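Reviewing the structure listed below.
Values quoted throughout were computed directly from the atomic coordinates according to the rules given, and no laboratory measurement underlies them. None of these values were measured; they are calculated from a predicted model. A quick note on method: Cβ atoms are made from the backbone with ideal geometry, for glycine too, and the neighbour counts reach across all protein chains shown.
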Amino acid sequence: MTERQEHLLRKIVKSYIETGEPIGSVALSSSQKLSSATIRNEMSELETLGYLHQPHVSAGRIPTEVAYQHYIAHCMDRRELTAKDRALLEESALGENLDFRTRSKNMAKGLANCSVDLAIVAFSDSDVFYTGLSHLFSKKEFHEIDQVRDVSVLLDNLTGAASRVFGEIDREVNIFVGNNNPFGAYYSTLLVRYENKVPGMLALLGPMRMDYNYNVTLLEYCRNKIEQF
């Protein structure tokens, strides 16, 4: 991949994460110092390389699983928490009179609300809590009945999926995309281990076009809060 192609791929992935709409050469050319014809040729090459997919003949292109993996490995640009989300998470962490499980569940609820994804907290490999399902169904990827059914299967097998990775992740955020995702090939999952009296796992699950740059920051912040409980 050339430097110009990587620059365009970064723009395409970021745009698709934000809008969920296929990206065309004309839209890209308005923000780049390149003609739409040049961008169209580069996008065609990126499609040949397996980084882009054209869902319909007349549509723009969308990132593939390979594109997301490349973006995560080479193009991420971490973002700081917004003041609004920081305040929400600080409020979620309140409750020194509450037991650890309740406070951790409240933290997961705050995490789900800030990320607008499904949040998971595992207290052991067989004790798993999730929240934010409505956020998942609000995304266009999950409006079709087949996708709703797929989410139902995921939730039915959530404990089993969590148990397969529970002892393998560490305190650094682990990102699984598509076919290498133990929670299902249709999703992306961010997982992190927290250390308390008993170690556990915190995770975010969403579509492959989730906001990785922000969700990594959110997950690390919530991990640190849980470790202080």
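Among Val57, Val151, Val216, the largest mean-square fluctuation in a Gaussian network model of the chain, built with springs joining Cα atoms closer than 10 Å, belongs to Val57.
Summing +1 for each Lys or Arg and -1 for each Asp or Glu among the other residues whose beta-carbon sits under 13 angstrom from that of Gly95 gives +1.
Assuming R0 = 45 Å, what is the FRET efficiency of Gln54 and Asp156, from their Cβ-Cβ distance, to the nearest 0.05?
0.85
The distance linking the stretch 67-93 with the stretch 13-37 is 23 Å (Cα centroid to Cα centroid, whole angstrom). Diffusion of the stretch 51-197 by Stokes-Einstein, at 37 °C in a medium of 0.692 mPa s and with Rh set to the Kirkwood radius over alpha-carbon pairs, works out to 191 µm²/s.
Restricting the stretch 114-207 to trypsin sites (Lys or Arg not before Pro) that sit in a DSSP loop and have at most 12 other Cβ atoms within 10 Å of their own Cβ leaves Lys197. You can think of it this way: the chain between Arg164 and Asp125 has 13.3 nm of extra reach, that is 0.36 nm per residue less the Cα-Cα gap. Are there GluC sites (Glu not before Pro) in the stretch 25-123 that DSSP puts in a loop and that have at most 16 other Cβ atoms within 10 Å, and which ones? Passing sites in the stretch 25-123 are Glu80, Glu96.
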